[in-house]
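I have placed the structure first, in the form of C-alpha cells, so that the comments after it can refer back to it.
The values are calculated or read from the model by the stated rules, or taken from the named source; none is laboratory data. The model shown is predicted, which means the values in this text are computed figures rather than measured ones. Every residue, glycine as well, gets a Cβ built from its backbone with ideal geometry; the counts of neighbours run over all protein chains shown.
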Number of protein chains: 2
Amino acid sequence: MSDVFAARRARLRDRCSAAGNAAALISRPANVRYLAGGAPHGAVLLLGPDEDTLLCPRTHAGGNTDGRVDDQLRLTVLATATGDPAVAAAGALTPSAVESLAVEEHHLTVARHRAIGSVAPRLRLADLGCAVEQQRIVKDEGEIACLRIAAEIADQALGELLESILVGRTERHLALELERRLVDHGADGPAFPTAVATGPNSGRCGHHPSDRRVEEGDFLSVSLGADYRGYRCLIGRTFVIGTSPADWQIELYELVFAAQRAGREALVPSAGYRDVDRATRQPLEAAGHGEGLAPRTGHGVGLEIDEDPQLAPAAMGKLDACVPVTVGPGVHLPGRGGVRIDDTLVVRPEADGGPELLTITTKELLAL
Amino acid sequence: MSDVFAARRARLRDRCSAAGNAAALISRPANVRYLAGGAPHGAVLLLGPDEDTLLCPRTHAGGNTDGRVDDQLRLTVLATATGDPAVAAAGALTPSAVESLAVEEHHLTVARHRAIGSVAPRLRLADLGCAVEQQRIVKDEGEIACLRIAAEIADQALGELLESILVGRTERHLALELERRLVDHGADGPAFPTAVATGPNSGRCGHHPSDRRVEEGDFLSVSLGADYRGYRCLIGRTFVIGTSPADWQIELYELVFAAQRAGREALVPSAGYRDVDRATRQPLEAAGHGEGLAPRTGHGVGLEIDEDPQLAPAAMGKLDACVPVTVGPGVHLPGRGGVRIDDTLVVRPEADGGPELLTITTKELLAL
C-alpha cells in the first residue's frame, strides 16, 4: 500500500521538476492525505529533492499522528505548539541547495505565504496550482474499491430507513437516523451533512433539515453519503409518501428520472464535461424548468465530496475512464416541492460495460 | 436586533478609517456572520464608505440567502455560478474614490488575493489582520444568552445519556446518540464532532470515537457541545463504569478536578491568559504529569468553538469581563486511560459573583 503513495509523490515530483521546482509544499488536507496516506490535523507535506517529510503541529500527549501515514515518509512533529508546519518546512529547506519551492497558492493564505517568505527569503516561491487535484481526478482500483464500499453503506442506510415509519417524523430526525445507520454499517462518518427535505422543501439543492414533519402526500427527498477510509460517495433519491401520488408528482418524477438517465448514459470516456451536463439539463429545459436549475448537474467525488470534474455548461475538459462522478439533476417548484435523483458512477469504457453504477438503490418512484 | 450588527460594523469601520482604509472586505465566515447576522455559504461582506454590501455566490434556484441576514445590508447575488464574491466586491469599488481596501490576509488565499488585485489594480490592498476576531472576544449579553442556551442543551443531552445503559455500547454509538439528543433539545447541530473515549482511550484530547465498547471498570470521557444560533459551547466530563472505581482512578480524578477548579477560580477580569493556564497546569505538573499535557488548558468560544483567547503558557493578554472561555485540563496515562473535565464559563467581575458557569452538569466522580 505504501508504494501507492510513493508512486503518487514520484509523479508529482516529476511534474514539479519539469516546471523547474526542486521542492513542493502540499498544504491542502485532502492533497496531503492523497500523497501521504493520512493527514493529521494541520500537517503539511514537503516533497524534497531527496526525501519527503510530513510536518505535523505539536498537539497533545506525544504528538499523536495518523496511523495510516505512509511509513516511507520522514515524520517531523514541531517542537512548539504555536508553530506553522508550512513555515517550518520552508525553514528546513534554507540550508539546502533548493532554490524554488512550489506552494498551493489556492490553499495557503496570504499571511502564511508571507511567513514562509520571511523564514526563507532566498527561496523563490512558485505556484503549484491544482496539480495534486488534477492528479486525483482519475482513481486507481483501490480508491474505487473504497468508493464502492462507501456507496454500499449509503444504500444500506437508505434501504433501512425506507422500511421504517416516516409520517410524523421531522426532517432533522430522519437525517440523524440516516447518519447513525451510515456509521452502523461501517462508515467513518457521513460524507457530508445529510439532507432530508419534505413537502415544499423537497427537491431543493442543499436544503438544511428542519423541524417540518413528513406528511401524507409529500415528496420526500434525501441526499446522503458515506465516508469510507476517506472516500466519499453520494446518493440522492426522492420518494412519495402515501399510496397515491398526484399526477404532477408522477410527471415531475418521470421528467427528472429521464434527465438523470440521459446524464448517466452520456458518461463515456472522452465525453466533454459540458456535454454530460447538456445531456442531463436538456430534457429539463425542454420541459420549461431551465430557469431554476442548479449551475451544474454533477461533479467528481473522492477524498472530497465535491471535487473536479465539474459537470456544468461552461466546464472545459473531457472524461477519462476511472473517474467517479455524480449525476444528480433536480427540479424544485417553489411552494410545491420537487424531485432530485443523484447517483455516483465510475466512468468505464463501453467495452467494459459502460459506466459502473455504485449507488444501486432503485430509482422507481416508491410510494412509502 | 439589526442595530446590533450595524453597531458592530460601525465600530469596525472606525477602526479601519483610523488605519487609513476607507473600505474593508470581510471573508472569514464567522466574521461575516458576526457583522452581518448571517453568512450564506461563500458570502463576503464589503464595508464601504457609504453602504455595506453582502455579496453572495450564485447558487441554485433563486439565489437562496440566509434569513438571519441584517436587512440594513445591501444584498448582491452574483450573476454567474463561477464568480468569487470577493473579486466582485473589489470590482464594485473600482469606479469609486476608495483608494485602499483592507482584507483578511489570514483568511484569503494567495490566489484570491491576486485575483482581487487584478480586477482592481489601482486599489491598494491592506491587511485588516484579526480586527474582527479581536472585536468578537468580549461578548454582549445577547451572545451570552445564546451560549447559555447552548450549554443547557449540552447539559440535557449529557444528563439523558447518563440515565441509559452504557456497558456494551460503542464509542461511536454513544457519540451519535449524544448528537441526536443535542438536536432533540433544540441545537442547530453539534458544536464540534462529539468525542467519546472509553478505557485506555479515556482522557485523550481530540479522540475520534472508535468501535471500542464500554466495559466494566472503564473510565468514560465525553466531550460535546451544542450550536445554538451559531454560538458554540463545550462540556467535558469523565465517569467511571461500575460500582467501585480503582484507587488510581479516584486519585487521578481528584487531581484533574482540583486543577480544573484552580483554573476556574483564576478566571477574573484582568487575569493574564497565561496565569489562568498556569493555575490549571501547575497542580498537574506538581503531580508529575507535566510531560503529556496539552499545549493549552482552555480557549475562547463563541461563533467558533475555538477562538481567542488561548489559555496557554506563552499567551499574551488579559481577560476581560464577558469573555466566555473553556477550562479543560486532562491527563492521559498511555495504556490505562485518563480524565478530562471541561467547562464553559463567562468571566464576570467578583462584584457580580465571579465567573458564570454555563455547563452545570456535576463534576463529582459518578460511577455509572
Is it fair to say B:GLU133 is within 21 Å of B:THR326 (Cα to Cα), within 14 Å of chain A (Cβ to nearest Cβ) and in contact (Cβ under 8 Å) with a residue 24 or more places away in the chain?
yes
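Residue-by-condition table, conditions (1) at pLDDT below 95; (2) among the aliphatic types (A, V, I, L, M); (3) outside the structural domain of A:ALA36 (by TED's automatic domain parsing); (4) out of contact with any Leu (no Cβ under 6 Å at 6 or more places or on another chain):
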| position | (1), (2), (3), (4) |
| --- | --- |
| A:ALA89 | yes, yes, no, no |
| A:PRO95 | yes, no, no, yes |
| A:VAL98 | yes, yes, no, yes |
| A:VAL132 | no, yes, no, yes |
How many of the residues in the stretch A:305-334 are in contact (Cβ under 8 Å) with a residue 60 or more places away in the chain, of a type in the set (Val, Ile, Thr) and within 23 Å of A:VAL268 (Cα to Cα)?
4
Could you grab me the full set of residues in the stretch A:207-257 that are surrounded by 15 or more Cβ atoms within 10 Å (Cβ to Cβ) and farther than 26 Å from A:ARG181 by Cα?
A:PRO245, A:GLN249, A:LEU252, A:TYR253, A:LEU255, A:VAL256, A:PHE257
Residue set A:PRO95, A:PRO121; condition under 29 Å from B:GLY129 (Cβ atoms), away from chain B (no Cβ under 13 Å), free of Cβ contacts under 8 Å to residues at least 24 places away in the same chain and surrounded by fewer than 16 Cβ atoms within 10 Å (Cβ to Cβ); output residue A:PRO121
Can you pull out the residues in the stretch B:136-187 that are among the charged types (D, E, K, R) and over 30 Å from B:PRO269 (Cβ atoms)?
B:GLU160, B:GLU163, B:ARG169, B:GLU171, B:ARG172, B:GLU177, B:GLU179, B:ARG180, B:ARG181, B:ASP184
Being at negative phi and either small (Gly, Ala, Ser) or in contact with a Gly (Cβ under 6 Å, 6 or more places away or on another chain) (or both) is the filter here; which residues of the stretch A:156-188 pass it?
A:ALA157, A:GLY159, A:SER164, A:ALA175, A:ALA187
Subset of the stretch B:277-297 (residues that are free of Cβ contacts under 8 Å to residues at least 40 places away in the same chain and away from every other protein chain (no Cβ under 12 Å)):
B:ARG278, B:ALA279, B:GLN282, B:PRO283, B:GLU285, B:ALA286, B:ALA287, B:GLY288
When residues of the stretch A:1-56 are filtered for being in contact with a Cys (Cβ under 8 Å, 6 or more places away or on another chain), under 16 Å from A:THR76 (Cα atoms) and crowded, with 22+ Cβ neighbours inside 10 Å, how many remain?
3
For the stretch B:233-256, give me the residue count where each residue is more than 8 Å from B:GLY217 (Cα to Cα) and either charged (D, E, K, R) or in contact with a Phe, Trp or Tyr (Cβ under 9 Å, 6 or more places away or on another chain) (or both).
10
State all residues of the stretch B:335-352 that are outside any strand (DSSP E or B), touching a residue at least 24 places away in the same chain (Cβ under 8 Å) and either among the hydrophobic types (A, V, I, L, M, F, W, C) or closer than 18 Å to B:LEU220 by Cβ (or both); if no residue qualifies, say none.
B:GLY335, B:ARG336, B:ILE341, B:VAL347
Residues satisfying the stated conditions in the stretch A:189-208, i.e. in contact with a Leu (Cβ under 7 Å, 6 or more places away or on another chain) and assigned to a loop (DSSP other than H, G, I, E, B)
A:ALA191, A:THR194, A:SER202
Suppose we filter the stretch B:298-333 for residues that are away from chain A (no Cβ under 14 Å) and among the polar types (S, T, N, Q); how many remain?
1
From the list A:ALA90, A:ALA145, A:ALA151, A:ALA131, pick out the single residue that is surrounded by fewer than 16 Cβ atoms within 10 Å (Cβ to Cβ) and among the hydrophobic types (A, V, I, L, M, F, W, C).
A:ALA145
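Got a sec? Which of A:LEU166, A:LEU182, A:LEU174, A:LEU178 is within 12 Å of chain B (Cβ to nearest Cβ) and over 27 Å from A:PRO324 (Cα atoms)?
A:LEU174
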From (1) surrounded by fewer than 18 Cβ atoms within 10 Å (Cβ to Cβ); (2) at negative phi, pick out the condition that doesn't hold for A:VAL325.
(1)
